[in-house]
Amino acid sequence: MTESFFMTFAEPGEDLPLPFSGAPSGAENHESGMRREVVTGRGDGAVPGPAAYPGLPLGGIDAGGGFDPGARQALALARAVADLRQEALFNFGEMTGVKLTAVLEQMLEHSELPDAYLDTVRAVFAPPEGYAAALRQLMEPGAVVVLLREPGAGRSFAAQALLADLRQRTGARVGPLSFGGGSRFPVRRLPLEENVAYLLELPADEEKFEVAEDFGAVLGRIQYTLGKRNSRLVVLTAPEQWARICRGAPPGVVPLLGQPDPAKIAVAWLRAEAPELDASKWVQDDRIAGLLRNQAPGDVLQVVSLIINATRGRRRSTSTSATTDAFTQQVLDVVAARNNWRSSLLQWHSKEGRTSFQRNFLLVAAMFRNAPVAHVYAQTAELSEQLSKREAVALEGQGSPGVIEMVDSIDAELAADDTVQFSKPGWDDAVLNYFWVDRPMARTEFLAWMAKAPLARTTKFLETFTPEDRLLLANRVGAFAVRWAVRHGKANPLEDVVIAWRKDDALWAAAVDLISAAALHPTMSRFVHAVLLRWSKNAGADRAALQKISVEVCAGEFGRRHTGKALRRLRHAAETVHDDVQTSLYEAVRNLWADASARPTLFSSVVEWCSADPSRAEAGRRSFLALATLLSKEDRGLPVLLSTGEDQPDFPTADLISGWRTLLDSGSVADDSARAVGLWMDAAVEYPDQRPVVFNVLRGAVDTAGRAGGSHPRHRLRDLLYLWQPVPAVDADPERVRLRHELVDLLDHDRSRSVALYRPVRMGRGGPTP
């Protein structure tokens, strides 16, 4: 299940070692352009936020005005906790479209952990037994702390809490460190800054990719290096993985941490997000205690969500006892919601006279939470027709039940903004769950309708279904598809969504963001990684969207954090015949190049694609083009494949020739090839020491001696050289003209040598004679 909550970060920048670039508390983050709400600690060790203000009324939280700084701090923290709770549960239905976009951007951002986030962690973290000893261990300069827990058991949250407390006590900057592209973690990846603490999550083992068995032995050198810089490291790994890689690890790096206490987790979150509630009373109730007992942190958060919704919702009274007080009714609602309201939904569906249109309206209202009721009404007719042509409903005129009647029939209310509101906590998710269990023969058609629903654009009613409404709906549908796929271990709903949204740019971007976030989620990631691998192999025309999204996810934060895994998926996608997938592969290669540790493996992979079977040739051509036209950040006039430095791998001339040969063997990327030739020839002009490399590589790429294919690549290169520097030309740079002539003469000389191999011979007494 989901961890207490999560944020996904990876190391910024291109070159390593790297400084942190995160903005300090209260400053605007330069990467995202978003201003974060800042909640600062009080400096006395006390937990900040609403826990210090148990009497803050709910009305004050809603209004937010007129409070002293302490109350405003509590309000800011409560809102931050609410957003993070939804991130952890991967359920964004309560957010507006604008808020959701900002949250997804933040989830996929890679930067130093900001103070506002760290303070939120401290406010809701319930320390397990052994936590204080682990913190004391981490306080030592050069400390390495390895946390052994399976994903979903709270390991990420415990690590971030350690870093948050460390920062408060020492002022150390804290942030993530990506593992890199290989199976080994190179010590040189450690940044040079002092008094910094890093969080390193080891990539999970999978077929054909495992963390090297000597990782434990490397920790001693890491300790030594960190100690010289007054820095520290927290490592996240699973027990099974650690058992394989721990040999040689320094003693004492694994602290003894107890399991998180579910009741303490619930109390911490309730006090931070809903200070108006008596958190202790809730968790001490026997019925709630039963729901929390032995639960994973994510399950605890589910209960917390139900408690908050039960106390803040407008509940229609259904109690048969006049003596049932409000608190008891709320507890009963939470228990019923935790059981998916199965009895209540069975009673509703079984009511005499219940129609399929009503059932479908309930289902659509549950799926389209917070959508305009007119859109819910119209989509109900679409779903009815999708499920059964015989159940199609005509909404024109007044023959069918109207909106108000339909809202009343599902025991809901119509809010002032014309959205459908359920009063029971967790009712909408329970409705979806009930349908899935109750109607197995309708699942396929429901998924088809669900995937197409955000694409709908109608003018049949006056209310406008805005782009923000569509985005919110898309993310609710997408998040549901992700959660369902992970829960059931089947990617069907995700695949339907991806394929349906391919031709809509806004929805496609939403799909990429959602699946990228899921690929970094503590409990969803393992399943999503396997799905991305399978999609990268989908070559069918009707499945190209799956291959494309696999590449685009690998091009983003997933690729930066799990570079080795991303490269494996890109190798499969390199066999694609689809132009748009090849375009995405081009961008992915460029993005992954930013990680210096990934460059040797990435370059080798691209060369392999260029040299391998023809099925990968086009992908290799475009990928090599991406690198050949990428300029060094240190010197903007020098292509990265010609640059040298600590973070640059060696580029064997034979490999460069292989890439250029594939590039010049085809006219499919003629314009881009001209740009590549121009950049390399410009480098030959500006950097005389690079001329031999440039000339040797280009000559080798078109050398046809012993090769089939004739002289077409040589002719193509000559044409591209003419485009780079026409001759004669007015005001031509003499140096450019000279270099062009020099290279062309060399190409002619190479050609004459290759032709000599086929010169006819005549037989004489002394043997063959030319």
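Here, each number is a calculation from the coordinates, and none is a lab measurement. Everything quoted here is computed from the prediction, not taken from an experiment. Counting neighbours? That spans all protein chains shown, and the Cβs are built from the backbone with ideal geometry, glycine included.
Under a straight-distance cross-link criterion of Cα-Cα below 18 Å, which aspartates and glutamates are reachable from residue 208, leaving out those fewer than 8 residues away in the same chain? Answer for residue 208, where 18 Å is the Cα cut-off: 240, 608, listed by chain and number.
Each of residue 264 and residue 722 was given a label point 7 Å from its Cα along the Cα-to-Cβ line. The distance between the two points is 7.9 nm. What residues qualify as long-range amide H neighbours of residue 196, i.e. H under 5 Å apart, gap of 5 or more or another chain, H built at 1.01 Å from N? Amide H to amide H, under 5 Å and 5 or more residues apart or across chains, residue 196 pairs with 231, 232. Checking every one of the chymotrypsin sites (Phe, Trp or Tyr not before Pro) in region 439-540 against DSSP loop status and a limit of 15 other Cβ atoms within 10 Å picks out 461. Going from the fewest other Cβ atoms within 10 Å to the most, the residues 666, 344 appear in the order 666, 344.
Bridgeable aspartates and glutamates around residue 424 (alpha carbons under 14 Å apart, same-chain partners fewer than 8 residues away excluded): 333, 411, 413. When Rg and the Kirkwood radius Rh are both evaluated on Cα atoms of region 197-236, their ratio Rg/Rh stands at 1.05.
Note on residue 671 and residue 169: the extension gain reaches 175.0 nm, defined as 0.36 nm multiplied by sequence separation minus the Cα-Cα distance. For a straight C-alpha distance cut-off of 19 angstrom, the lysines reachable from residue 281 (same-chain residues fewer than eight places away being disregarded) are 264. The string of couplings for region 618-625 from the Karplus curve (6.51, -1.76, 1.60, θ = phi - 60°) is 5, 5, x, 4, 5, 5, 5, 4 Hz, one whole number per residue in order, with x for Gly and Pro. Rounded to the nearest Hz, the phi-derived 3J(HN,Hα) couplings of region 356-363 under the Karplus curve 6.51 cos²θ - 1.76 cosθ + 1.60 (θ = phi - 60°) are 5, 5, 5, 4, 5, 5, 4, 5, where x marks glycine and proline. A cut-off of 5 Å between modelled amide H atoms, ignoring neighbours fewer than 5 places along the same chain, links residue 631 with 640. Applying the criteria of a DSSP loop state and at most 13 other Cβ atoms within 10 Å to the trypsin sites (Lys or Arg not before Pro) of region 463-537 yields 490, 503. Straightening the chain between residue 504 and residue 749 buys 82.9 nm, computed as 0.36 nm per residue apart minus the Cα-Cα spacing. First check a/c for region 491-619, with a ≥ b ≥ c the square roots of the eigenvalues of its C-alpha gyration tensor; if it is under 1.5, answer rounded, and if not, answer prolate when a/b is larger than b/c or oblate otherwise. Oblate is the answer for region 491-619, as a/c is 1.5 or above yet b/c matches or exceeds a/b. For region 335-402, applying the loop criterion from DSSP together with a ceiling of 12 other beta carbons within 10 Å to the GluC sites (Glu not before Pro) yields 352, 396. Computed over region 468-516, the Cα gyration tensor eigenvalues convert (square root of 5λ each) into semi-axes of 18, 11, 8 Å, ordered from largest to smallest.
Computed from label points 7 Å out along Cα-Cβ, the spacing between residue 729 and residue 137 is 6.5 nm.
Using only the C-alpha atoms of region 127-258, find the volume of their convex hull and express it per residue in Å³. Mind dumping the intermediate values first?
On the way: hull volume 12.7 nm³, N = 132.
It is 96 Å³ per residue.
When you work out D = kT/(6 pi eta Rh) for region 538-676 at 20 °C and 1.002 mPa s, using the Kirkwood radius from C-alpha pairs as Rh and the Stokes-Einstein form, the result is 144 µm²/s. Segment residue 213..residue 188, full-extension length gain: 7.1 nm, with 0.36 nm per residue of separation and the alpha-carbon distance subtracted.
Treating r as the C-beta distance of residue 391 and residue 741 and R0 as 51 Å, the FRET efficiency rounds to 0.05. Plainly put, region 226-281 has a radius of gyration that is 1.21 times its Kirkwood radius, both from alpha-carbon atoms, as the Rg/Rh ratio.
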